[in-house]
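The values are calculated or read from the model by the stated rules, or taken from the named source; none is laboratory data. Quick caveat: nothing in here was measured; it's all calculated off a predicted structure. Ideal geometry is used to build each Cβ from the backbone, glycine not excepted, and the neighbour counts take in all protein chains shown.
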Amino acid sequence: MDLANADIAIHLKDLHKSFGDKHILNGFNLTLKRGENVVVLGKSGSGKSILIKCIIGLVPPDKGEIEIFGQNTLKLSPKDMDIIRSKMGFLFQSNALYDSMTVRENLEFPLKRLRISKSKENINSMVEEALTNVGLPDAVDLMPAELSGGMKKRVSIARTLIMKPEIILYDEPTTGLDPITAKEITNLMLEVQKIYNISSIVISHDIRCIELIADRIVILMDGINYAQGSFEELSHSDDERVKSFFL
């Protein structure tokens with residue numbers, strides 16, 4: 001299959017990862033189409049975080065294939081892998097904002113880290129656009145300590161968006177938020193997807209968020225893609241192990 005010309009953002013095939021005698025991934029498969037939101041659902045310790053780390057190249061799998069935009073990332077040089085990463089955004093569960101930096105400086109940081117050459121005027125425009133798209137145009141000069149939990153999450157999303165990523169990996173995006181704010185963040189994720197045509201893998205246990213955002217749900221269990229389908233399909237599954245996630 002020629003993935004380079006297909007409508008596929010990420011293709012994972014037969015991924016294995018173990019730590020000593022502990023087998024985390026045992027032949028996991030997943031395909032993420034362009035413009036699609038896929039939620040990976042699994043119990044704590046099932047391997048969701050390891051899966052994300054394998055995708056972005058922080059942890060090498062013991063076996064298997066990882067193709068992003070049609071390129072086998074396991075065979076890329078560090079320089080070429082950095083090019084792939086520049087097209088991907090990662091939203092940390094903890095937001096990972098720099099406390100000593102203003103919102104503006106937090107958003108400028110990835111541009112400087114990747115040495116993206118832009119005029120001050122262009123950078124200001126990019127910061128303004130990213131904050132406007134998350135509904136915080138007036139927060140540019142605030143410090144993280146002055147932000148609510150929901151605002152911090154929005155700024156974190158804005159910092160990801162400023163790089164114009166084609167893929168975003170979300171790690172528990174609504175954890176620790178009250179139900180109203182969690183729904184607002186979920187709706188924002190959907191808006192971002194439409195505006196930028198972003199493909200997303202979302203790690204989440206928030207059933208309300210999952211029901212709203214998932215084009216498809218993949219259940220990671222026993223180290224494999226145990227089941228997949230729409231929210232409606234999986235929530236009405238006859239498999240008790242699948243059904244337990246939706247009770």
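Details
Residue-wise test of (1) modelled with pLDDT of 95 or more; (2) among the charged types (D, E, K, R).
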{"site": "S148", "(1), (2)": "no, no"}
{"site": "D171", "(1), (2)": "no, yes"}
{"site": "G176", "(1), (2)": "no, no"}
{"site": "Q193", "(1), (2)": "no, no"}
{"site": "I217", "(1), (2)": "yes, no"}
{"site": "L220", "(1), (2)": "yes, no"}
{"site": "L234", "(1), (2)": "yes, no"}
{"site": "D239", "(1), (2)": "yes, yes"}
{"site": "F245", "(1), (2)": "no, no"}
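- Look at the stretch 116-142: where a residue is on the phi > 0 side of the Ramachandran plot and a partner is modelled with pLDDT of 85 or more, sitting 6+ places away or on another chain with Cβ atoms under 8 Å, you get G135/R154; G135/L188.
- First in the stretch 7-35 and closer than 10 Å to N225 by Cα, second anywhere and hydroxyl-bearing (S, T, Y), Cβ under 9 Å, 6 or more apart: L25/S18; N26/S18
- Qualifying residue in the stretch 57-77 (condition: buried (at least 16 other Cβ atoms within 10 Å of the Cβ), under 30 Å from S125 (Cα atoms), touching a strand residue (DSSP E or B) at 6+ places or on another chain (Cβ under 8 Å) and small (G, A, S)): no
- Annotation: L97 fulfils all but one of (1) over 21 Å from the mean Cα position of the chain (by Cα); (2) in a loop (DSSP other than H, G, I, E, B); the unmet one is (1).
- The stretch 100-132: number of residues that are modelled with pLDDT under 90, in a loop (DSSP other than H, G, I, E, B) and polar (S, T, N, Q): 2
- Any hit, the stretch 133-145, residues being under 17 Å from the mean Cα position of the chain (by Cα) and either assigned to a loop (DSSP other than H, G, I, E, B) or of a type outside the set (S, T, N, Q) (or both): yes
- Per-region count, the stretch 187-242, residues in contact with a Phe, Trp or Tyr (Cβ under 7 Å, 6 or more places away or on another chain), among the charged types (D, E, K, R) and closer than 19 Å to D7 by Cα: 0
- Any hit, the stretch 236-246, residues being in contact (Cβ under 8 Å) with a residue 12 or more places away in the chain, within 29 Å of M126 (Cα to Cα) and part of a helix (DSSP H, G or I): no
- Number of residues in the stretch 168-200 that are buried (at least 16 other Cβ atoms within 10 Å of the Cβ), closer than 17 Å to A158 by Cα and among the hydrophobic types (A, V, I, L, M, F, W, C): the value is 8.
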